[in-house]
Structures are given as C-alpha cells and as structure tokens.
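Notes follow the structure.
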Amino acid sequence: MDAVIVGGGPAGSFAAEQLARRGVKVAVFEEHSEIGVPTHCAGHLSIRGLRGLGLFPLGGGIVENTFHRADFFSPLGADFSVQLAHPVTCAVNRVLFDRFLAGKAEAAGARYCLGSRVRGLLVDAGVVKGVRIERGGVCEDVSAGVVVDAEGVSCNLLRQAGLAGFRRGGVVCAVEADVENVCDVQLDAVGVFLGRNYAPGFYAWVIPRLDGTAKVGLAVRAGNPRVFLERFMRRHPVASKMFRHARVARVAFHSIPLGGLVRRVFADGFLAVGDAAGQVKPTTGGGVVFGLTCAGIAAEVASEALRRGDVSAGFLRLYQERCEDAVGFDVNVMLRLRRFLDAVSDVQLDSALRFCARLGVADALLDVEEIDFQGRMLLEVLRKPVVWATLAYFFALYLAANA
Ligand SMILES: Cc1cc2nc3c(=O)[nH]c(=O)nc-3n(C[C@H](O)[C@H](O)[C@H](O)COP(=O)(O)OP(=O)(O)OC[C@H]3O[C@@H](n4cnc5c(N)ncnc54)[C@H](O)[C@@H]3O)c2cc1C
C-alpha cells in the first residue's frame, strides 16, 4: 500500500480522497464497524469554509439547519446578538457528513477497512513503515510508504512516532446531547452561553433544528461535563426557559484539543492530521474546516513525497510549514482570544456583552462571512472604529483580570 490512513473521520476521509485522486493507493483503517458512529460532534460548520473545500452545497439531507444569527448570553443574563446579512453557518448531521466524505474517498479509489483498529506503528530504524492492525481478534501488519494519522484527539500514534502530543492543559472535556421539546428558541440563531459558572474554560451551545429538537452541549476544563450540562439546562436564566419541557434523548462525551497546532506533526514516513494534530479553533473548538484544510495539504505533500521516493521527515516538514501558512496566524490570534475568555470573570463577561450591545458592535459585523479564519476576520473588521473601541475595552478587562 502507498499510504495508510488511521481513522475514517472527516480528516482521514478527506486526506484519503485527495490522495486517491492523485493516483495514490490508499487504505483507511477505522476501528468502528460503521463510518460516523458513534457521533460526538455538534456539526456546526461555516458555509464559506465548506465551500472553500468544495463541499457546499451538501445534498442528501446532511444539512439540518442554516443560521444567520448568533445570540451570545452572559451567565448573569446579558445578551448580545449578531445578525448577519445571509446564512453563514449550517448544522450538519455528522453521521451523514462523515459517510458522505467516506463515499467520496471510496469513489476516488480509497479502500476502507472497517472494524480494524490500528494497534501501533511499524517502525524500522526510526522510519515509520506501516501499521499493525487488529480485526476480529486477529493482528496483521500492513506496510505503507507513508502513514497518515487521523485518529482524532487520542494522539497515541503521535507519541509512538516519537512526537510530543498536545500542550498541557490544552484539552477540554465536552458533552453533546440531542434534546427534544425545546421551547422559545430562535430557529435561525445559534445560542452561545459564556461564563465560568456553567462551562468553565469553554462555553455552552444550543443549535436548534427545525423540528423542535436541538443539539446542546458544553465543555469544561475540569469536572464532570454531564453535571455542568444538567446545571446549565436547569439553572441558566435563559437556557432553563428553553429546556423547561425538554427531554435528553442521547448524550455523548469526547475531548476537544484547544491548545493550538501541535508543534511537530511529521516524522520519517508519518504525518498527523485533524484533531490528532491540534488543527482546531481554540475559540470555538470547531475542528472540521481546519482539519480538512490541513488534510488536503497533507495529501498534496504525501503524494509528492511518494512520487519522489522521499518520505523523510526532511521532506514531510513541508506539510507542517504549509499548515502554519494556511491556519497558523488565525490559530495564534484565537489562542489569545481563548486566554482572554478564560481570564475574565463572569461579571466582567456580563459587562463586556452589555458594552457590545450598547455600542452597536453588531452593526459593524453585519457583513462578516469569515468565521473560521478569525485572525483575518479581526483584521478586516478592525477598520471600523467601533471594533477598535471594543477591543480597547476588552484589553482593559484583560489587564484588570490579570492584575
Ligand atoms: C462535543 C463536541 C462538539 C463539537 N462540535 C463541533 C462543531 O460544531 N463544529 C466543528 O467544526 N467541530 C466540532 N467539534 C470538533 C470535531 O468533532 C473534530 O474537530 C473533528 O471530528 C475532527 O475530525 P478528525 O477526523 O480529526 O477526528 P475524529 O472525527 O475524531 O475521527 C477519528 C476517527 O479515527 C478512528 N480511530 C481512532 N483511533 C483509531 C485506531 N487506533 N484505529 C482505527 N481507527 C481509529 C475513530 O473511530 C474516528 O472515526 C466538536 C467536538 C466535540 C467533542
């Protein structure tokens, strides 16, 4: 096999498709017996990001809703809404989305081996030469010119390849629930609930579907996210009204890496993509668009490496450099925003949202379309004086929080 992909999530399947399109013989090993199951993700994606990857519009009932508004709530009840000129984000059904990506990869020539868990890397003289898989209790070695690690947040293989994983303290524990009988919710708006009291180190979200159900979740830096979810649904001044008749139909737990790009995600014969490489927005935890963007780059570099017969770390370094060029600036800006959000108190957050509402910041954001590349988005809106004033206010809050 030319290339082996570990994991049939979105990053793995997108890398597989892009490799197969370049004529690379590629096999995807996925530990579960079905693609997309179990699901743990809210599937809230930017339409522009998907379009840039050639994935929008999406058919087949994958899109559950579209949004042109975001409502931000402080834990003390202040709110601030951003209404955009047209739908900017969508909620996708992640099971169907993952299957769609896998279907495209298969159509391009990739081979899927389901129920096949990769147990470890085959390493010879420091060079990754393939993987050991286990299927139905039987182990088998599969050799490959290059191994693409798309195993998600666990980052076991990264360590086996001799690379450091995520930065300490950079991972939050998340819960995602399917909730029925949601009331008083704006169907064209995602709800973002900030504050330590309900989601310390992150935020809670409500993503409504058109049928009265919603995806509801949050993440926390420490503690049991399920306990925080119950508290959020019962006690938050706004959310508790939405959930007064609600029933939780399904709940899933998973981690999100928020610490930024992993410093080194290549070794001889080895690349990591997606969550495994920390290709996630530190502000929102969204990893699909960045993961796929970098998976596309990984396929470009890996296919070129195979063509030249040079899969050395020296050549594969190009992958890391191109990812830094593509998303590094934005990830670094978002890391600073995340630090700001983590540092301020609930009272300060409350006054920040009131300040934004009073100053009419929403008007300055009306034309925003870019929500993935938030560094670039900030540079764009910085031309407006009201945004300067807001940033100055936030900076003062940040200094006060760290005084
Ligand atoms: C609660 C929650 C909500 C989220 N909401 C959003 C959102 O709204 N928008 C957004 O953009 N992002 C969101 N994310 C993040 C998003 O889910 C991830 O960034 C994205 O799924 C990463 O894709 P991936 O392919 O790198 O990894 P994954 O989707 O985790 O896929 C990894 C795959 O590898 C398989 N695998 C793992 N180990 C092995 C092994 N050893 N052998 C074989 N197979 C293996 C797994 O079974 C899995 O199928 C959310 C995350 C969480 C936890």
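The values are calculated or read from the model by the stated rules, or taken from the named source; none is laboratory data. Note that the structure is predicted; figures quoted are calculated from it, not measured. Note that each Cβ is placed from the backbone with ideal geometry, even for glycine, and that neighbours are counted across all protein chains shown.
For segment 14-39, taking the residues that are in a helix (DSSP H, G or I) and under 24 Å from ILE133 (Cβ atoms), the one that is nearest to the chain's Cα centre (by Cα) is identified as PHE14.
The set of residues from segment 70-97 being more than 19 Å from PHE56 (Cα to Cα) and in contact with a helix residue (DSSP H, G or I) (Cβ under 7 Å, 6 or more places away or on another chain) comprises PHE72, SER74, PRO75, LEU76, ALA78, ASP79, PHE80, SER81, VAL82, GLN83. Among all positions in segment 280-288, there is no residue which is small (Gly, Ala, Ser) and either over 24 Å from LEU378 (Cβ atoms) or part of a helix (DSSP H, G or I) (or both). Evaluate the following for LEU391: is it away from the ligand (no atom under 16 Å from the Cβ), over 20 Å from VAL265 (Cβ atoms) and either outside the structural domain of LEU76 (by TED's automatic domain parsing) or assigned to a loop (DSSP other than H, G, I, E, B) (or both)? It is true that LEU391 is away from the ligand (no atom under 16 Å from the Cβ), over 20 Å from VAL265 (Cβ atoms) and either outside the structural domain of LEU76 (by TED's automatic domain parsing) or assigned to a loop (DSSP other than H, G, I, E, B) (or both).
Within segment 275-284, can you find the residues that are surrounded by fewer than 22 Cβ atoms within 10 Å (Cβ to Cβ) and not hydroxyl-bearing (Ser, Thr, Tyr)? Within segment 275-284, no residue meets the criteria. How many residues are under 21 Å from PHE290 (Cβ atoms) and surrounded by fewer than 17 Cβ atoms within 10 Å (Cβ to Cβ) when one looks only at segment 301-320? The number of residues fulfilling the criteria is 2.
In segment 130-141, the qualifying residues are those that are within 12 Å of the ligand (Cβ to nearest atom) and either in contact (Cβ under 8 Å) with a residue 24 or more places away in the chain or not in a strand (DSSP E or B) (or both), and the one that is surrounded by the fewest Cβ atoms within 10 Å (Cβ to Cβ) is ILE133. Close Cβ contacts (under 7 Å, 6 or more residues apart or on different chains) running from residues in segment 21-48 that are farther than 24 Å from VAL88 by Cβ to residues that are within 6 Å of the ligand (Cβ to nearest atom) and among the small types (Gly, Ala, Ser) comprise VAL28/GLY8; VAL28/GLY12; GLU30/GLY7; GLU30/GLY8; ILE35/GLY8.
Counting only residues that are more than 12 Å from the ligand (Cβ to nearest atom), part of a loop (DSSP other than H, G, I, E, B) and of a type in the set (Gly, Ala, Ser), segment 40-70 holds 4 of them. Scanning segment 55-62 finds no residues that are under 15 Å from the mean Cα position of the chain (by Cα) and of a type outside the set (A, V, I, L, M).
Out of curiosity, is VAL344 among the hydrophobic types (A, V, I, L, M, F, W, C) and either buried (at least 24 other Cβ atoms within 10 Å of the Cβ) or assigned by TED's automatic domain parsing to the domain that holds ARG209 (or both)? So VAL344 fails the test. Going by the conditions given, is GLY191 in contact with a helix residue (DSSP H, G or I) (Cβ under 9 Å, 6 or more places away or on another chain) and part of a strand (DSSP E or B)? For GLY191, the condition - in contact with a helix residue (DSSP H, G or I) (Cβ under 9 Å, 6 or more places away or on another chain) and part of a strand (DSSP E or B) - is met.
Scanning segment 1-11 for residues that are small (Gly, Ala, Ser) and out of contact with any Leu (no Cβ under 9 Å at 6 or more places or on another chain) turns up just one, GLY7. The set of residues from segment 354-387 being without any contact (Cβ under 8 Å) to a residue 24 or more places away in the chain and over 27 Å from ILE47 (Cα atoms) comprises ARG358, PRO385. For segment 213-274, the strands (runs of 3 or more DSSP E) that sit wholly inside it and include 1 or more residues that are surrounded by fewer than 18 Cβ atoms within 10 Å (Cβ to Cβ), aromatic (Phe, Trp, Tyr) and within 16 Å of the ligand (Cβ to nearest atom) are 247-257.
Filtered by the rule that a residue be over 19 Å from PHE270 (Cβ atoms) and either part of a loop (DSSP other than H, G, I, E, B) or more than 25 Å from the chain's Cα centre (by Cα) (or both), segment 112-129 gives LEU114, GLY115. Cβ-Cβ contacts under 6 Å between residues 6 or more apart (or on different chains), taken from a first residue in segment 91-109 that is farther than 17 Å from GLY54 by Cβ to a second residue that is assigned to a helix (DSSP H, G or I), are listed as GLY109/ALA20. The number of residues in segment 142-186 being away from the ligand (no atom under 12 Å from the Cβ) and part of a loop (DSSP other than H, G, I, E, B) comes to 18.
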